[in-house]
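Please treat every number below as a calculation from the coordinates, not as lab data. Note that the coordinates shown come from a computational prediction; the quantities given were computed from them, not determined experimentally.
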Amino acid sequence: MSSVEDYIKKNVFGKPQLKPDEKNKFLGNFAERVGIALTVAQIKNLDNVATVEKIMKRYPKYHLYLNGKIDSYLMDEYLKLSVKLNYKFTIVMTAPVRNGRKEVTDSDMGLVIADESKPINSPVIL
């Protein structure tokens, strides 16, 4: 393949990504780095805030990722917890690539806690 073809492909299709569906599902993370992942339906159950707090205390070097499309009252609970524990967090506002939906459903990921640097030997909950 010529360098011209490579240039055209790169600029038309964008930079190739490794496991884009997996990263899309887990709010920008690879599955092997995820310690806990909760769907929107699971984070609507406010009893799970205590579970997330235990995980945050047990793994203080991990990172919290929240789906930016969830309702603000749900996000607030986890943001307060993050601030209280001085835990790193990111609000992910990426548009879904595969299905083009704008609204978030109960089966979408709402919260992910992952190790930013390396795979986790045994995930806590998936």
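In terms of modelled amide H atoms, which long-range or inter-chain residues lie less than 5 Å from the amide H of Gly110?
Leu38, Thr39, Val40
So which aspartates and glutamates can Lys80 reach, going by Cα to Cα under 19 Å and dropping same-chain residues fewer than 8 places off?
Once the sequence-local aspartates and glutamates are set aside, what remains near Lys80 is Asp47, Glu53, Asp71.
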